[in-house]
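Notes for the one structure printed next.
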Amino acid sequence: MRVDYNVIAVQQIGRYQVLKELGRGAMGIVYQALDPAIGRTVAVKSIRLSELSEPGEHERLRERLLREARAAGMLSHPGIVTIYDISEEHGTAYVFMEFVAGQPLEERMLSEEGLEAGQVLDILRQTADALDYAHQQLIVHRDIKPANVMISSSGAVKITDFGVAKLASQQKTQAGAMMGTPNYMSPEQIQGGEVDGRSDQFSLAVIAYELLTGEKPFTADNLPSLLFKIVKEEPAAATRLNPTLHAGTGRVLTKAFAKDPEQRYATCSEFVSALASSLEESPGWRPQKRGSLETMATVAGPCPQLEPSASPPPPRRRREEEPSHLVRNVVLVFFAVVAIGLGLMAGRRYWEPLLQPEEVLPIPEAQVEAPPAELPEPPAKEVAVPPPKAKPAEPKPAPVEEPPKPPEAEPEPVREEPSPARPPEPAKLEPPTESLIWFRTEPPGANITLDDNPELTCLSPCSLTLPVGRHVVRAKMEGYRAGLRIFQSAEDSAINLKLERLTGTLALRTNPPDASITLNGKTRTERTPALLTLPVGTYRLELFLQGYSRYEETIQVKDQVISNIDVNWRP
């Protein structure tokens, strides 16, 4: 019995001579081959039909693939990879297509040099033009993503996988995992609805967002959460991740990301034209490479919400004026009482005689008989009477009326006393120059770094005092994708970051199928063929099928990479 590890070496497919392997995907392998009849180099994509269909549906799937490939073969556009031929052998279909000497857009996005502003718009325009042409022929790609956009050495764009993408987007493995790249799928495609060219427009908008900001608009820890976000949630504003962009750019992307296809642009070219016009509104804009947020410059400055106002806040003014009103009222009452008292004292000469009724009768007689003062008899009687008369006549204190002047003269300085309002004093309040920020991550224990400054670091959960202004926080933890966020230290007192675990995919296939799977000594419930999403790391893989020798291998699972393991047991 002999076991062939990985994929059996393929040297010839039909009349085509295989030169080398170009890459691997979830559906099969892509080869570079030579057509000896005309000396033309072609790309050959293999598709394992037996693993994409349920038992008994193999023939139906084969017919559909042939139909889609023939329709795509009718497309003749400089921006679309041409399909030359298609065949099927032993449960595997082969699509022979134009070979493009270049690299996928995905590799260009990950490269150190990145892309310039002009290159980004040129790639989007060429891609939109090719997609609109296919849509006019009633053909929808259904799997537009950077890996399917080839950039030739001359800078020309070539879209590949037309005719194959529809097949891939509708198939599921026996384990129920969706094939393809869900990050770029439209909401209607995820929900299983009818799709048209506006579905490809949504996917193109995802690519545009990623080219401009360096980040995918929709990400999550697991597939259900990711699909929910695409169908129900809006992505973060592109202008927040890339400050060089104009606000109009965010509005254009929002329209292209509309959950309802009817709300999007009529064509892909219309979307790219609107995007280009919005970018012209921000001269000097530039696209961001992946991870560029980590080194983004910090712009310090006071938060607009904390600028001091020209007049003190109403509550403070009321509290300051209340004491002055109280003092003024007390002073006024005091002087009023004094004035009343002085007035009463001055009026005693008028009301005091009224309290002595027996002396009231002699007064008119004394006044009438005053001229005959020489009579001798009356004096004895009148001597007792004159004293009371002299007393009421004595009060020359009539000038005592002057005391009422104090109530008029003294309130004036009292009115000047409301100066405690002191408007300059609140104006002297200055906004804070520093702010205490708390950082928390899920899971905890991540290394927090602010503004790429090695001196501003801590282990979450933790807090740091930062200058008021704009900052960039990065959270790193082994086994997790770095978390990034831009924030204003005066606006956000607590920053929460949820870290995504680094995962890769392990595609296991055996012939015959239905082999048991063991990873690091633990047997899993899945059986081959299977797609396993695993945390990044090294695994000891064992495959066992009754009647055949055990397969063992050490596998390295890498982030966002599909590792294919094909085992062909032979007697």
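The values are calculated or read from the model by the stated rules, or taken from the named source; none is laboratory data. Note that this is a predicted model, so its numbers are computed, not measured. With ideal geometry, Cβ positions are generated from the backbone for all residues, glycine too; neighbour counts draw on all protein chains shown. Heads up: the accessible areas ignore ligands, DNA and RNA and are worked out on the full protein's heavy atoms, side chains in. Shrake-Rupley method; radii C 1.70, N 1.55, O 1.52, S 1.80 Å.
Given the condition open to solvent by 50 Å² or more (accessible area, probe 1.4 Å) and either touching a residue at least 24 places away in the same chain (Cβ under 8 Å) or at negative phi (or both), answer yes or no: does some residue in segment 77-84 qualify?
Within segment 77-84, one or more residues are open to solvent by 50 Å² or more (accessible area, probe 1.4 Å) and either touching a residue at least 24 places away in the same chain (Cβ under 8 Å) or at negative phi (or both).
Please work out which residue is most open to solvent (accessible area, probe 1.4 Å), limiting yourself to segment 39-74 and to residues that are modelled with pLDDT under 70 and hydroxyl-bearing (Ser, Thr, Tyr).
Ranking the candidates gives SER50 first.
Kindly provide the set of residues from segment 549-567 that are part of a loop (DSSP other than H, G, I, E, B) and over 13 Å from LEU502 (Cα atoms), ordered by number.
Within segment 549-567, SER549, ARG550 meet the criteria.
Right, ARG527: surrounded by 19 or more Cβ atoms within 10 Å (Cβ to Cβ), among the basic types (Lys, Arg), within 42 Å of the chain's Cα centre (by Cα) and over 30 Å from ALA237 (Cα atoms) or not?
Criteria not met by ARG527.
Evaluate the following for ALA310: is it open to solvent by less than 90 Å² (accessible area, probe 1.4 Å) and at pLDDT below 95?
no
Can you find a residue in segment 123-133 that is farther than 17 Å from PHE202 by Cα and open to solvent by 40 Å² or more (accessible area, probe 1.4 Å)?
no
Restricting to segment 478-534, name every residue that is farther than 19 Å from GLY28 by Cα and of a type in the set (Val, Ile, Thr).
ILE486, ILE495, THR503, ILE517, THR518, THR523, THR525
Have a look at GLU210, GLU215 and point out the one that is assigned to a helix (DSSP H, G or I), modelled with pLDDT under 95 and on the phi < 0 side of the Ramachandran plot.
Residue meeting the stated conditions: GLU210.
Could you grab me the full set of residues in segment 490-524 that are crowded, with 19+ Cβ neighbours inside 10 Å, free of Cβ contacts under 8 Å to residues at least 60 places away in the same chain and among the small types (Gly, Ala, Ser)?
Of everything in segment 490-524, those that are crowded, with 19+ Cβ neighbours inside 10 Å, free of Cβ contacts under 8 Å to residues at least 60 places away in the same chain and among the small types (Gly, Ala, Ser) turn out to be GLY504, ALA515.
If a residue counts only when it is within 28 Å of VAL536 (Cα to Cα), which strands (runs of 3 or more DSSP E) contained entirely in segment 431-524 have at least 2 such residues?
434-442, 447-450, 453-459, 470-476, 483-488, 494-498, 503-511, 516-519
Taking segment 444-481 on its own, how many of its residues are under 27 Å from THR244 (Cα atoms), open to solvent by 40 Å² or more (accessible area, probe 1.4 Å) and aliphatic (A, V, I, L, M)?
1
Filter segment 223-237 for residues that are open to solvent by 20 Å² or more (accessible area, probe 1.4 Å) and touching a residue at least 24 places away in the same chain (Cβ under 8 Å) and give the result.
Passing the criteria: LEU223, LEU227, VAL231, LYS232, PRO235.
What are the residues in segment 247-261 that are farther than 17 Å from VAL206 by Cβ, touching a residue at least 24 places away in the same chain (Cβ under 8 Å) and open to solvent by 30 Å² or more (accessible area, probe 1.4 Å), if any?
none
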